[in-house]
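J.: What follows is a single structure, and I will ask about it in a moment.
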Amino acid sequence: MEVTGLARKRWSRVVVALFVALLASLTFAGGAVVHADEVGTDEYDFVFSGNVKFDGEPLEDVLIKVEGNGYSAEVVTDAEGKWKIGVPEKAEYTVTLDESTLPEGVIVTEEGGATKKAEFGLTSNKTVNFFIGEGVRTTTSFLDQFIGRAFNGLSFGLLLALAAIGLSLIFGTTGLNNFAHAEMVTFGALAALTLAVDFAWPLWIALIGAVVLSGAFGWTLDAAIWKPLRRKGVGLIPMMIVSIGLSLAVRYTYQYFYGGSTRQLPGADGADIKFGPVSLSPVDMIGMGISVVVLLAVAFFLLRTRIGKATRAVSDNPSLAAASGIDVDRVIRIVWVIGGALAGLSGILFAFYRPGVSWDMGFQILLLIFAAVTLGGLGTAFGALVGSLVVGFFIEISTLWIPSDMKFVGALVILILVLLVRPQGILGRKERIG
């Protein structure tokens, strides 16, 4: 599918500018943290802390990571061996000391190794210390780490592709960059949580119901907001601003009704199955299988069905498609339903991947969704798939060299480099005027 018209060419520049602004806001949010040995202590009330010492001497620059309930943070120890990490809620977390950052010949000697389960007692502070001593460290080869993270990147890229293709189809047929797409992703996860946990439906029925409700949500948004705006001839930039306002309104509505905590879907916890260096849970494998099947179904829809061909025609040239007898409004309405269903399914899979459901989870990957769409080629569904796989793969692989809290920035660097060489994206075609 091809994006046409001078207006869209100018529009893509506006999107890039907004994209950079959004990246800056996400990258530098929380910049009030001053100390390298403290993360999140000003933002959150619950704090893990500890000391890392060997033979009574503090160990500096040892990496500590805290994960759990959809939250992840890491920090390095200061010159006194101290560290602190704030967490958003009082729950059980996994605290890991990265033994590769210890001096040579020094390991964690206690039973259970360098990973501990920790939770708060009656207070909002919890001390977690590791017993350090001499020993032989067991390491994982670079190749095994690369293969394991490549599979994790594939898993994340596939779920990202579901949301990115929906966004790309909407942009292709309407020209709208929908910033509220993040809330469509969140809607799917919240719907699954409501049906599976609050209503106690069987999990598979709840997940199917959540996808159906997500499609209905997309239909409602188009019928109530976007179609009336299109009929009134509202320009793309005002409509984009409306989508930003809608995103904020819906996101904080979610927070009002569901609260700020992270909740788990049934079946989110499970023992990993190892295939050599690759470690995947049954949920991961099922999620990857579902993603592949759905993506193949979308490809068949676009290439082999009449509605799919009409969708491609509307994306290429709406005026010509209308003159050819295609009901453009009907095609757009179908695209919104499909986009909503795909976004909802992506949100469900992301809830298992994180794991956890929260009110702002869609916004956390909105930047990556836009990156995938832009990298693959604006308005190109198959380009969105390729862009998502590239982004997902690079995010995971990049943590072999850069800190994990900077991995999203690394994906944007790849985006910039590709666009410098190929401005239309990987599978996009050069824009034409008229």
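J.: So Tyr93 passes all but one of these: (1) within 28 Å of the chain's Cα centre (by Cα); (2) modelled with pLDDT of 85 or more; (3) under 21 Å from Ile402 (Cβ atoms). Which condition number does it fail?
T.: For Tyr93, the exception is condition (3).
J.: Report, by residue number, each residue of the range 395-422 that is free of Cβ contacts under 8 Å to residues at least 60 places away in the same chain, farther than 15 Å from Phe370 by Cα and not hydrophobic (A, V, I, L, M, F, W, C).
T.: If the condition is that a residue be free of Cβ contacts under 8 Å to residues at least 60 places away in the same chain, farther than 15 Å from Phe370 by Cα and not hydrophobic (A, V, I, L, M, F, W, C), then Ser398, Lys407, Arg422 are the ones that fit.
J.: Applying the selection to the range 258-311, what residues are more than 21 Å from the chain's Cα centre (by Cα) and crowded, with 18+ Cβ neighbours inside 10 Å?
T.: Of everything in the range 258-311, those that are more than 21 Å from the chain's Cα centre (by Cα) and crowded, with 18+ Cβ neighbours inside 10 Å turn out to be Leu302, Gly308, Ala310, Thr311.
J.: Quick check on the range 312-329: of everything there that is among the polar types (S, T, N, Q) and assigned to a helix (DSSP H, G or I), which residue is surrounded by the fewest Cβ atoms within 10 Å (Cβ to Cβ)?
T.: Ser319
J.: Follow-up. Going by the structure shown, is Leu378 under 21 Å from the mean Cα position of the chain (by Cα), surrounded by 20 or more Cβ atoms within 10 Å (Cβ to Cβ) and in a loop (DSSP other than H, G, I, E, B)?
T.: yes
J.: Go through the range 66-77 residue by residue and tally those that are at pLDDT 85 or above and crowded, with 19+ Cβ neighbours inside 10 Å. Give the steps one after another, and end with the answer.
T.: Going residue by residue through the range 66-77, those that are at pLDDT 85 or above are 66-67, 73-77.
Subsequent filtering for residues that are crowded, with 19+ Cβ neighbours inside 10 Å retains 66, 73, 75, 77.
Of the residues in the range 66-77, 4 are at pLDDT 85 or above and crowded, with 19+ Cβ neighbours inside 10 Å.
J.: Give the range 72-88 a look and list any residue that's under 18 Å from Phe46 (Cβ atoms) and in contact with a Phe, Trp or Tyr (Cβ under 9 Å, 6 or more places away or on another chain), or say none.
T.: Matches in the range 72-88: Val75, Trp83, Lys84, Ile85, Gly86, Val87, Pro88.
J.: It is to be established whether one or more residues within the range 330-348 are over 25 Å from the mean Cα position of the chain (by Cα), of a type outside the set (A, V, I, L, M) and in a helix (DSSP H, G or I).
T.: Scanning the range 330-348 turns up at least one residue that is over 25 Å from the mean Cα position of the chain (by Cα), of a type outside the set (A, V, I, L, M) and in a helix (DSSP H, G or I).
J.: Report yes if some residue within the range 232-241 is in contact (Cβ under 8 Å) with a residue 60 or more places away in the chain and buried (at least 22 other Cβ atoms within 10 Å of the Cβ); otherwise report no.
T.: no
J.: Scan (1) buried (at least 22 other Cβ atoms within 10 Å of the Cβ); (2) modelled with pLDDT under 85; (3) in contact with a strand residue (DSSP E or B) (Cβ under 8 Å, 6 or more places away or on another chain) for the single condition Ser404 breaks and write down its number.
T.: (1)
The values are calculated or read from the model by the stated rules, or taken from the named source; none is laboratory data. It should be emphasised that the depicted structure is a prediction, and the values quoted were computed from it without experimental measurement. When we count neighbours, we look across all protein chains shown, and the Cβ atoms used for this are built from the backbone with ideal geometry, even at glycine.
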